[in-house]
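Student: Here you go, one structure.
Quick note: the coordinates plus some simple rules give every number you see, no bench work behind them. Keep in mind it's a predicted model, so treat the numbers as computed, not measured. Reconstructed Cβ throughout: ideal geometry from the backbone, glycine too, with neighbour counts over all protein chains shown.
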Amino acid sequence: MGRRVAVEIAVQDPAGVRTALAAGADRIELCSALGVGGLTPSAGMIATAVAAARAAGRPGFVHVLVRPRAGGFVYDDDEIGLTVADVIAARQAGASGVVVGALNASGGVDRGAMEALVAVAGPLEVTFHRALDVVEDPLATVETLIDLGVTRILTSGAAPRSIEGTETLAALVERASGRIQIMAGGGVSVADIARLAAAGVDAVHLSARSTVTGPPSGPGGGDSTYDVTDADIAEAAVAAVRAL
């Protein structure tokens with residue numbers, strides 16, 4: 001295979017940033033609350049990740065998910081305003097990219113919101129996240145996102161897991177024709193990477209996480225289990241791509 005498939009790992013804490021760096025991942029999607037699909041991380045977390053990437057000599061490593069809440073991707077004016085402010089904050093903190101997405105009530109891209117987000121992102125790479133997987137016409141939406149100046153699309157091919165959406169992923173790659181990157185993400189396992197790469201995607205995205213149990217959290221503290229970035233999974237994902 002003559003092309004290079006990138007590996008992006010979703011992480012939500014400083015240890016995850018260090019693990020992804022050590023594993024040789026190409027970049028991270030920095031977020032919080034992976035259990036609900038990811039939300040905007042704190043300012044302190046962004047600053048910590050950017051500092052770690054700079055110390056490792058890894059420009060382009062930190063891409064920040066900017067998502068104001070769990071649930072669907074149709075946002076009101078307050079939520080869009082907050083997302084715009086968080087994109088500006090991520091840019092000012094030194095992030096290399098942002099991961100965003102907004103839809104309208106008709107099931108298409110909210111052009112006004114996305115135009116505003118791309119504008120304030122400025123020189124940062126912009127990834128349109130898995131909101132694509134709920135639009136009415138994913139292939140036509142590729143053209144919209146190209147027109148908006150988006151760098152890449154994160155998608156499972158509109159399937160629960162990327163490996164189940166390989167036909168759609170291949171069709172998206174064909175439609176993109178090199179004008180925008182297609183990144184497979186959604187339930188990706190190391191064993192899936194070769195087949196996803198064969199569909200022609202530019203990158204694979206996975207959380208590479210495992211669950212650990214901490215001390216009892218007590219009433220109101222939530223579950224005592226939480227997710228961490230698993231070094232073995234992260235390293236295996238990078239090795240799988242290098243073996244292609």
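Student: Pop a pseudo-label 7 angstrom from the Cα along the beta-carbon direction at both ALA198 and ALA22 and give the gap in nm to one decimal.
Tutor: Going by the 7 Å Cα→Cβ label model, 3.3 nm.
Student: While we're on this one: May I ask you to derive the FRET efficiency for ASP232 and LEU82 from their Cβ-Cβ distance with R0 = 41 Å, giving the value to the nearest 0.05?
Tutor: Values: r = 37 Å, r/R0 = 0.89.
Taking R0 as 41 Å, the efficiency between ASP232 and LEU82 is 0.65.
Student: If you build the Cα gyration tensor of the chain and take the root of 5 times each eigenvalue, what three semi-axes come out, in whole angstrom, biggest first?
Tutor: Here the semi-axes work out to 25, 23, 18 Å.
Student: Rank by packing, highest mean first: peptides 130-139, 67-76, with packing defined as the count of other Cβ atoms within 10 Å averaged across residues.
Tutor: Answer by packing, highest mean first, reads 130-139, 67-76.
Student: Right, another one. For the ranges 55-64, 195-204, what's the packing order if you count other beta-carbon atoms within 10 Å of each residue, average per peptide, and put the highest first?
Tutor: Highest mean packing first, the order is 195-204, 55-64.
Student: Of the DSSP beta bridges with both residues in the chain, give the percent that are antiparallel, rounding to the nearest 5.
Tutor: Percentage antiparallel, nearest 5: 20.
Student: Taking 0.36 nm per residue of separation and subtracting the Cα-Cα distance, what length does fully extending ALA119 through SER32 add?
Tutor: Value of the extension gain: 28.9 nm.
Student: Now for a separate question. Which whole-number percent is the relative contact order of the chain (Cα, under 8 Å, 6+ apart)?
Tutor: About 18 percent, as a whole number.
Student: Given a Förster distance of 35 angstrom, what is the FRET efficiency for THR225 paired with GLU164, based on the Cβ-Cβ distance and rounded to 0.05?
Tutor: The calculated FRET efficiency here is 0.85.
Student: Applying the Karplus parametrisation 6.51 cos²θ - 1.76 cosθ + 1.60 with θ = phi - 60° to the phi angles of segment 112-123, what ³J(HN,Hα) value in whole Hz is obtained for each residue in order, glycine and proline being reported as x?
Tutor: With the stated coefficients, segment 112-123 comes to x, 5, 5, 4, 5, 5, 5, 5, 6, 5, x, x Hz.
Student: Could you calculate the contour length gain from ARG4 to GLU174, that is, 0.36 nm times the residue separation minus the distance between their Cα atoms, to one decimal place in nm?
Tutor: Full-extension gain reported as 59.5 nm.
Student: Starting with the highest mean, order 173-184, 151-162 by the number of other Cβ atoms within 10 Å, averaged over the residues of each peptide.
Tutor: Final packing ranking: 151-162, 173-184.
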